[in-house]
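Read the structure below first, then the notes.
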Amino acid sequence: MGELSVKHLLGIKYLNEKDIQLIFETADHFKEVINRSIKKVPSLRDITIANIFFENSTRTKLSFELAEKRLSADVINFSAGQSSVKKGETLIDTVNNILSMKVDMVVMRHPNPGAGIFLARHVGASIVNAGDGAHEHPTQALLDSYSIRERLGDVAGKNVVIVGDILHSRVALSNIFALRLQGANVKVCGPKTLLPKYIESLGVGVETDLRKALNWCDVANMLRIQNERLDISYFPTTREYTQQFGVNKRLLDSLDKEIVIMHPGPINRGVEITTDVADSKQSIILDQVENGVAIRMAVIYLLASKIK
Amino acid sequence: MNILLKSAKIIDETQKDLHLKTRDILIKNGNIAKIAPNLSAEPETETVELDNLHVSLGWFDSSVSFGEPGFEERETIANGLSTAAKSGFTDIVLNPNAHPVPDSSSDIVFLKNAARGQVTNLYPLGSLTIKSEGVDLAELFDMKNSGAVGFYDYKSPLQNSNLLKIALQYSQNFDGLICSFPLDAKIAGKGIVNEGEVSTRLGLKGIPALSEELQLVRDLFILEYAGGKLHVPTISTATSVKLIAEAKKKGLNVTCSVAIHNLFYTDETLEDFDSSYKVMPPLRGANDVKALIQGVKEGTIDFVTSDHTPLNIEEKRVEFDNAAYGSLGLESAFGVLNQIFDTETAVDLLIKGRERFGIATPTIAEGAPACLALFNPDVEYTFGADDILSTSKNSMFLGSKLKGRAYGSISNGQLRR
């Protein structure tokens, strides 16, 4: 088996195409493992991993923890709410303290862009970025591409539209990097207030008409409106947002072709997608969650093999 | 103490007979006694012989921050002025960003006193408004009488347009200089770096060029209406250069400066989220840098500044979002400028700007007080930790290839190197 070109997973933009293929092939194997009756392999019995979350997370944290445990790694969890961070400890000190307890790998979510890169520069462990502000969320993008590959056979050449709040979204940014790297065509769609002014410099198209965007695409990745990140009002009301950028069954059925619906979760049902869309056969939302564990197992396994 | 400078190549375009000539310079009791080839040292004279020694008028910087009072751990006035002197600067304008901010006559007197006896002269700016809160004008006239050379709410944009109008009107009878930082805070929002391709790629919140230009346009309109003297510290965009040029064409009494790092780096340096490059105004794109350099060459931008901002490591060695804005600049100023421009231009830029703040411009002439920068313009080196003289070490130029280094300066009858 090959190895990754990187020591850390800090963002998709630091990976090459081969890395992604390697992660996918490894994830194929682990996906088979987690569907066995004994869902666990002993690969990382000598590895200790700290999940450090400076921002709330439910599914990403669970998914990482499950992935780590299914690889038989020792796992410790740490959330900012219960930590000395609130007492003024710096990020480097917090992590170095944890590393002194002989931790090999750190999975970190942090509200500031570049926090993982900063940490990788200053501490000695292997770092996995589980989301850093509006910068990257690489494992999410990997599992999204993996899920597209699973449903449509390939990512290359597919048309993917990412709908919603692109401005505050690390999922959007990582997805753009990942999809472009694999040869997909990408458009973003949303109100202009939530699209970065220079987004086209990343090689993506901009479409503000949702119907046009959906008719163009093979896959629509519906992002959540992150109310907690909106410091000012970018649109008048959620209701009005939904009128323009929400996907309902009627819209979906009226399209020229059957598209795939994705969502990184958690869903605001009735806002970006309606319940009947989320639960329709076109939706692969729950596949994404399942694939998330396999992808994270693959990433951790491959990075751990570089530690040894 | 008398000083004899041996074989000094003089850079002074205002004096045709001395410019680019190599001379010995004898300084007696603080004044230039003799400029001639081959002078011999009299008793009790310190002879200074340095490799490839060049001299010019002492350099001037219009935007320098230290930390005293309140942030002495960043920099003291004594070590700050010593750093300035060793870096070739004989006159600096001190930003009003100590704690408390200098917003009264006694604060200005404190700063002037703290700087007494140093090689480099300190000229303080007073805060424009009480506590720099942008609400009520401070006692500008009283501060001016105590030595304040201008009034500025340090890098804190004046949100109240009427306040700027009133400040410009009120300061006219005592010829006060009003400084206004060009940033529309609402448009800038929570931005921390230039809005552009790089910020998009990095997910960092952007400060649109618009936020600077909008505020600048407002300020220029207010200046046109109210009269008075306006200085715009540290512009950073191509359109700002254009706006200033148009304003000058109209005859408005406006000057502006640019930070040297905004002429040297683009926002591409942010790729690794290195907080050393976090400055306000932010490093902009290549087109802006090009326009700023052109603006400097054409004189639209009146003078350059190191925008020297010492900060503790604790304020920098944190996540990019949480890092403070600013970089050291005095130590690297000449080496950077001398990379961008030819030496004569670099020196010329470091001399300009005094008159705007009512500070006398010295001359190199027999009988005149000696106010000289000593430097070697040809030495090429990588700027390293050893080159930092400041108490804080937050230089964005660490690791950069620079050309030219100051040996020190002579002023107030002393040599500091």
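Numerical summary
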read-out: Of all residues in the stretch A:161-189 being in contact (Cβ under 8 Å) with a residue 40 or more places away in the chain and polar (S, T, N, Q), the one that is surrounded by the most Cβ atoms within 10 Å (Cβ to Cβ); value: A:Asn175
read-out: The one condition in (1) open to solvent by 60 Å² or more (accessible area, probe 1.4 Å); (2) within 22 Å of A:Leu195 (Cα to Cα) that A:Asp279 fails to fulfil; value: (2)
read-out: Flag for A:Asp276 being part of a loop (DSSP other than H, G, I, E, B) and in contact with a helix residue (DSSP H, G or I) (Cβ under 6 Å, 6 or more places away or on another chain); value: no
read-out: Filter result (facing chain B (nearest Cβ under 8 Å) and open to solvent by less than 10 Å² (accessible area, probe 1.4 Å)) within the stretch A:119-141; value: A:Asp132, A:Gly133, A:His135, A:Glu136
read-out: Top-ranked residue of the stretch A:49-71 - restricted to ones that are among the β-branched types (Val, Ile, Thr) and open to solvent by less than 30 Å² (accessible area, probe 1.4 Å), ranked as nearest to A:Gln140 (Cα to Cα); value: A:Thr60
read-out: Given (1) surrounded by fewer than 24 Cβ atoms within 10 Å (Cβ to Cβ); (2) not in a helix (DSSP H, G or I), number of the condition B:Glu331 does not satisfy; value: (1)
read-out: Restricting the stretch A:9-52 to residues that are among the β-branched types (Val, Ile, Thr) and in a loop (DSSP other than H, G, I, E, B), the residue that is nearest to A:Asn96 (Cα to Cα); value: A:Ile47
read-out: Among (1) over 20 Å from A:Val219 (Cβ atoms); (2) outside the structural domain of A:Asp28 (by TED's automatic domain parsing), the one test that A:Val299 misses; value: (2)
read-out: Qualifying positions in the stretch B:268-281 - of a type outside the set (D, E, K, R), within 14 Å of chain A (Cβ to nearest Cβ) and either within 23 Å of B:Glu75 (Cβ to Cβ) or surrounded by fewer than 21 Cβ atoms within 10 Å (Cβ to Cβ) (or both); value: B:Thr269, B:Ser275, B:Ser276, B:Tyr277
read-out: Spans of helices (runs of 4 or more DSSP H) in the stretch B:191-253 with at least 2 residues over 30 Å from B:Gly358 (Cβ atoms), among the polar types (S, T, N, Q) and modelled with pLDDT of 95 or more; value: B:197-202
read-out: Single residue of B:Ile207, B:Ile187 found to be under 26 Å from B:Ala323 (Cα atoms), without any contact (Cβ under 8 Å) to a residue 40 or more places away in the chain and either within 14 Å of chain A (Cβ to nearest Cβ) or open to solvent by less than 10 Å² (accessible area, probe 1.4 Å) (or both); value: B:Ile187
read-out: Filtered residues of the stretch B:1-35 (kept if aliphatic (A, V, I, L, M) and in contact with a helix residue (DSSP H, G or I) (Cβ under 8 Å, 6 or more places away or on another chain)); value: B:Ile11
read-out: Condition met for B:Ser62 (part of a strand (DSSP E or B), over 14 Å from B:Ala8 (Cβ atoms) and open to solvent by less than 10 Å² (accessible area, probe 1.4 Å)); value: yes
read-out: For B:Gln172: the one exception among (1) part of a helix (DSSP H, G or I); (2) within 14 Å of chain A (Cβ to nearest Cβ); (3) surrounded by fewer than 24 Cβ atoms within 10 Å (Cβ to Cβ); value: (2)
read-out: Qualifying strands (runs of 3 or more DSSP E) (wholly inside the stretch B:7-53; at least 2 residues being over 20 Å from B:Asn412 (Cβ atoms)); value: B:22-28
read-out: Test: B:Asp307 is buried (at least 24 other Cβ atoms within 10 Å of the Cβ), modelled with pLDDT of 95 or more and more than 12 Å from every other protein chain (Cβ to nearest Cβ); value: yes
read-out: Residues within the stretch B:342-352 that are surrounded by fewer than 24 Cβ atoms within 10 Å (Cβ to Cβ) and touching a residue at least 12 places away in the same chain (Cβ under 8 Å), tallied; value: 6
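Results for (1) within 14 Å of chain A (Cβ to nearest Cβ); (2) out of contact with any Lys or Arg (no Cβ under 9 Å at 6 or more places or on another chain); (3) without any contact (Cβ under 8 Å) to a residue 40 or more places away in the chain; (4) in a loop (DSSP other than H, G, I, E, B), shown as yes or no for each residue.
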residue	(1), (2), (3), (4)
B:Leu283	no, yes, no, yes
B:Asn287	yes, yes, no, no
B:Ile293	no, yes, no, no
B:Val296	no, yes, no, no
B:Val318	yes, yes, no, yes
B:Leu337	no, yes, no, no
B:Thr361	no, no, no, yes
B:Ala365	no, yes, no, yes
B:Val379	no, no, no, no
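The values are calculated or read from the model by the stated rules, or taken from the named source; none is laboratory data. Just so we're clear, the structure is a prediction, and the values are computed from it rather than from any experiment. Backbone-built Cβ (ideal geometry, glycine too); neighbour counts: all protein chains shown. Protein only, heavy atoms only, side chains kept; ligands, DNA and RNA dropped before computing areas. Shrake-Rupley method; radii C 1.70, N 1.55, O 1.52, S 1.80 Å.
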